[in-house]
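Presented below is the structure to which this report refers.
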Amino acid sequence: MQTRHPNRISHQNGFSLLELVIVIIIISTLLGFAIDKLLKLQVQAERSSMESIIGTLQSAIALTISEHIAKDKIPELKKYLNSNPMTLLANSPVNYLGDFEGRPENPEPASWWYEQNSHSLVYFVLNQEHFVSQTGEKGYAKFKIVAVYDDNNTNGRFDRRDTLKGLRLSPVAKYHWSKDAKSKND
């Protein structure tokens with residue numbers, strides 16, 4: 001027959017309520033940090049993707065300019081002003097929706113389209129809370145092909161009296177990505 005000793009402490013299996021609460025607090029804190037870091041990475045990935053497409057378009061414009069210079073046809077570059085820069089690419093990005101007179105109906109965030117009425121290439125931002133544009137339209141970045149020229153008549157705009165030197169893709173309005181996702185456009 002076994003005797004019980006009143007001074008012996010019995011061993012419990014499992015967590016006490018206090019230990020369980022502490023573990024939940026630690027896991028919640030770590031999860032909060034992980035979600036914040038993931039969001040920052042998602043914003044940076046979107047910014048990088050957008051700027052990569054802009055860089056590709058700028059390269060396509062530079063190649064077009066080079067072709068015209070080689071053929072001594074620089075004045076013919078005027079036909080690209082107010083045109084869709086996506087037409088200069090061999091393949092459009094998978095998130096390019098096409099040409100529209102205005103804004104397409106219910107576009108997916110993180111997509112591009114060309115607005116014929118404003119002659120603007122538009123990017124619809126997915127992470128809108130981290131993107132600020134001076135256009136006044138929340139979540140949209142707009143770009144145009146503009147002339148690089150000598151302003152011969154000093155009127156501040158490109159017209160027939162000016163000497164066309166090239167083209168570039170330019171934002172319609174300044175924009176920036178907030179937090180740790182700063183844009184080169186700042």
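For the range 95-135, a residue qualifies if it is closer than 15 Å to Trp177 by Cβ and either of a type in the set (Asp, Glu) or in a strand (DSSP E or B) (or both), and the qualifying residues are Tyr123, Phe124, Glu129, Phe131, Val132, Ser133.
Among the residues of the range 100-151 satisfying the criterion of being surrounded by fewer than 14 Cβ atoms within 10 Å (Cβ to Cβ) and on the phi > 0 side of the Ramachandran plot, which is farthest from the chain's Cα centre (by Cα)? Residue satisfying both the conditions and the ranking: Asn106.
Run Val94 past the list (1) in contact with a Gly (Cβ under 8 Å, 6 or more places away or on another chain); (2) farther than 22 Å from Ala62 by Cα; (3) among the β-branched types (Val, Ile, Thr) and report the number of the one that doesn't hold. For Val94, the exception is condition (1). Among the residues that make up the range 46-56, is at least one of them out of contact with any Asp or Glu (no Cβ under 7 Å at 6 or more places or on another chain), of a type in the set (Lys, Arg) and closer than 27 Å to Tyr140 by Cβ? Yes, that holds for at least one residue. Among the residues of this structure, Asp186 counts as one that is acidic (Asp, Glu), modelled with pLDDT under 95 and either within 24 Å of the chain's Cα centre (by Cα) or in a loop (DSSP other than H, G, I, E, B) (or both).
If you go through the range 39-83 and pick out every residue that is part of a helix (DSSP H, G or I) and over 24 Å from Val94 (Cα atoms), you end up with 12. Candidates are the residues of the range 12-42 that are free of Cβ contacts under 8 Å to residues at least 24 places away in the same chain and charged (D, E, K, R); the one that is farthest from Gln128 (Cα to Cα) is Glu19. For the condition of a type in the set (Lys, Arg), surrounded by 14 or more Cβ atoms within 10 Å (Cβ to Cβ) and within 18 Å of the chain's Cα centre (by Cα), Lys174 does not qualify. Within the range 1-24, if we keep just the residues that are modelled with pLDDT of 85 or more and surrounded by 10 or more Cβ atoms within 10 Å (Cβ to Cβ), the residue that is farthest from Trp177 (Cα to Cα) turns out to be Glu19. With respect to being surrounded by fewer than 15 Cβ atoms within 10 Å (Cβ to Cβ), of a type in the set (A, V, I, L, M) and either over 15 Å from Arg168 (Cα atoms) or modelled with pLDDT of 95 or more (or both), Leu41 fits the description.
The values are calculated or read from the model by the stated rules, or taken from the named source; none is laboratory data. Owing to the predicted nature of the structure, the values given are computational and were not obtained by experimental measurement. Backbone-built Cβ (ideal geometry, glycine too); neighbour counts: all protein chains shown.
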